[in-house]
Amino acid sequence: MAGHTAGKRSAVTCALKCDSACAKGVCNTSSNSYFRDIVSAEYSRRSLLGVGSAGALALMFGGSGAAPAVAGGTGGLAPAVKAQANKSKLKFAGIDGVPNTVDDVVVPKGYNWQPVIRWGDPLFDDSAEFDPRNQTPESQAGQFGYNCDYVDILEIPGSKGKRAVLFSNHEYTNENLMFPPDMDISQVRRTAMAAHGLSVVELERKGTGQPWKYVRGAKLNRRFLMDTKYELTGPAAGSPLLKTQADPSGRIVLGTQNNCAGGTTPWGTILSGEENFNQYFKVTNPSGEQRRYGLTSRNPSRGWHLEETRFDLDLPEGRNEDNRFGWIVEVDPFDPDSTPRKHTALGRFKHEGANVTIAASGHAVAYSGDDERFDYLYKFVSKGRYIEGDKKHNMTLLTEGDLYVASFSGNSPQNQIDGSGVLPSDGAFDGTGRWIQLTRDGKSLVPDMEIDQVLVYTRLAADKMGATKMDRPEDVEVSPHTGKVYVACTNNTARSAAQADEANPRANNRHGHVVELTENGDQAATEFTWKLVLVAGDPAADESVYFSGYPADQVQPVSCPDNLAFDSAGNLWISTDGQPGTIQRNDALYRVTMEGPEYGRVEQFMAVPIDAETCGPLIHDEDGLVFVAVQHPGEDGSWDAPRSLFPDYVTPGSTPRKGDAALPRPSVIQMYRGRR
């Protein structure tokens, strides 16, 4: 990976997290236009689709499930969403950036931090105690998994704020840190498999505003492993493309892989996105569809195919197994006996996550980014309508509906979009956009593709329909105060000046940006306006850095926005993934003011330890708490030479407490006012 990690912190991350995607060719080799080529409001796709203009518009933008656009006004938002944001109850003085050599969690003055739960913490009464020198698949199966990412904490009804359930997923494993070098390689592989998946854990505390502790042996505690059964739902369930030798029905999948971000539905379930699943499969001669999803002829380094033949796509047992990953997973954290589901109606790609909002029309709308260079932004609109309090009905909403992909147009002079990222003369990167419809009422709207092909090979369907190529669209969040949609585009160093466009205005985009979408109607509308609210980077070194007009010299540098969240006052929070390699600072969590005279002001709240990534930000500001998942601390170290002792040091550089291993442990941590 030498020379390819400009937008990341480490070649180790690139190898383990995404199979060194940036060192390979771009997956999207489609000939559909870059954004800058779509500059006319009269843009027509008649020649591509071979249909008349009315038919082309119907294919691109129609939809029986979507509510009609509402002209003008506030976008058809429900009254509760229109409410003015109150000032945040989370008071702090922003910290300075932390050098990328510091192995510590740094928080504002007056705040402290402690783990909620760590990799290896036992979840059940009969779980083995964490012993990193002797980890086994069986012991790991009863313990909290590795590299936690998405986090949510939901209060248990009737507990008066004293009990809750925590959900976290586990993206991937750092075997070089986790296991002694002399451990049997098969044991390493099988234990690492057990460290993937999902966890549900009960929490307890003394009262509101107090930090949480996890409860070992609680009735809701659950691990989702590679032998956990998942039900496929939606139009592609049962398709020949999803049938395997072990599952001729094409409806039951074992396990989930490489889960990244997620979302919590209005009905209280959790969504988790399967992302870089391609790296777990062996295939000698990948098909065009497989290459579009990043599969290569190189043997996967994790070697799962040597433990389970279903991961060897060259064998009969492996046929179609790769098609069964890359979905949005839904989990009910309050029902430990429930079967988790993979929703085919939302399409298959490298989901960062999915976030659901309820449109004024009552439809559930899910937004999702495809985390790959030059890939796309998607939206799903449910066929059914949300019913308050009817969880059983609402859990059907993601099984049927219409899938869309975004097309953007800019309104600035095109000769001023030159790859420099400098604002054009009209003072903003902004424009209009349309949602191109891929499916309707369970049928395909993509020429020469059946419905199951559109949903299993969603990237290829979006290629055909001319979606806009973006700079790694990752987390997508809807503001609970305004209904506006925010998209974190983390970076894209492969974009050239010739490929720059108004929504992705920088060549060699190392630092990323954040896009704001305003639907022209409620969230089920088919047209939107957009603008860039943040063009990330270090103002001292990059004149293109932009904070919605707020003075750049009065904010902390921020780079590689990854996950987004909102607090109760409507402020946007940004966690980063890659700052150590771009601005030489540890990854961090930032608050961005979204209204009033300080609109665009960026304040740093905390920084994670050396080599770590800030994941799953959760802001409970009314409770005085902030949570993040600290992923892969000390990733450039090894078992014999760890670079981090997070989180079990008393002070940086000290000896671990009695009983704690001298190695880093990915953890969910909480930050709060007061002493530890």
Cross-link candidates for Lys162: which aspartates and glutamates have Cα within less than 19 Å, leaving aside residues fewer than 8 places away along the same chain? Asp152, Glu202, Glu204, Asp621, Glu622, Asp623
With +1 on the Cβ of every Lys and Arg and -1 on the Cβ of every Asp and Glu, the dipole magnitude of segment 345-481 about its Cα centre, in debye rounded to the nearest 20, is 400 debye
Of Val545, Val533, Met594, which is farthest on the positive side of the dipole of segment 519-598, counting Cα position, with +1 on Lys and Arg Cβ, -1 on Asp and Glu Cβ, and the Cα centre as origin? Val545
Net dipole in debye of segment 179-231 [+1 Lys, Arg Cβ; -1 Asp, Glu Cβ; about Cα centre; nearest 20]: 300 debye
Using unit Cβ charges (K, R positive; D, E negative) and no other charged atoms, how large, in debye to the nearest 20, is the dipole of the chain about its Cα centre? 640 debye
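Have a look at the DSSP beta bridges in the chain and tell me what percent are antiparallel, nearest 5.
Of the beta bridges lying entirely in the chain, close to 95 percent run antiparallel.
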Solvent-accessible area, 1.4 Å probe, carbon plus sulfur percent, for segment 167-317: 50 percent
Where only protein heavy atoms count, and the probe is 1.4 Å, what is the accessible area per residue for the chain in Å²? 35 Å²
For Lys160, list the lysines whose Cα falls under 24 Å from its own Cα; do not include residues on the same chain fewer than 8 positions away. Lys89, Lys206, Lys213, Lys219, Lys391
Accessible area (Å², 1.4 Å probe, nearest 10) - Thr208: 100 Å²
Applying 1/(1 + (r/R0)^6) with R0 = 25 Å to the Cβ-Cβ distance of Asp640 and Val102, what FRET efficiency is obtained, to the nearest 0.05? 0.70
Any chance you could look up the accessible area of Asp441 with a 1.4 Å probe, heavy atoms only, rounded to 10 Å²? 90 Å²
Where chymotrypsin sites (Phe, Trp or Tyr not before Pro) fall in DSSP loop in segment 579-625, at most 16 other Cβ within 10 Å: Tyr599
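Could you please put Glu543, Glu400, Glu307 in sequence from largest to smallest accessible area, using a 1.4 Å probe?
Result, largest first: Glu543, Glu400, Glu307.
For Gln416 and Arg675 in one chain, what is 0.36 nm times their gap in residues minus the Cα-Cα distance, to one decimal in nm?
Working: separation 259, 0.36 × 259 = 93.24 nm, distance 5.26 nm.
Net length gain for the segment: 88.0 nm.
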Regarding segment 525-621, what whole-number volume in Å³ per residue does the convex hull of its Cα atoms give? 126 Å³
Residue farthest toward the positive end of the dipole of the chain, with Cβ of Lys/Arg at +1 and Asp/Glu at -1: which of Gln114, Leu306, Leu203? Leu203
Sorted largest first, extent of the chain alpha carbons per principal axis (Å): 72, 61, 54
Residues in segment 559-588, backbone N under 16 Å from the label point at Glu598 (7 Å along the Cα-to-beta-carbon vector): list them, ranges by number please. 567-574
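Please work out the FRET efficiency for the pair Gln245 and Phe334, using the Cβ-Cβ distance as r and a Förster radius of 22 Å; give the result to the nearest 0.05.
E between Gln245 and Phe334, to the nearest 0.05, is 0.05.
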What ranking do 472-484, 346-358, 636-648 get when scored by the average of other Cβ atoms within 10 Å per residue, highest first? 346-358, 472-484, 636-648
Computed FRET value (nearest 0.05) for Asp227 with Asp426, which takes r as the C-beta separation and R₀ as 51 Å: 0.35
Run the accessible area of segment 323-451 with a 1.4 Å probe and give the carbon-and-sulfur part as a rounded percent. 47 percent
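The values are calculated or read from the model by the stated rules, or taken from the named source; none is laboratory data. Just so we're clear, the structure is a prediction, and the values are computed from it rather than from any experiment. When we count neighbours, we look across all protein chains shown, and the Cβ atoms used for this are built from the backbone with ideal geometry, even at glycine. In case anyone asks, the SASA skips ligands and DNA or RNA and just uses the protein heavy atoms, side chains included. Shrake-Rupley method; radii C 1.70, N 1.55, O 1.52, S 1.80 Å.
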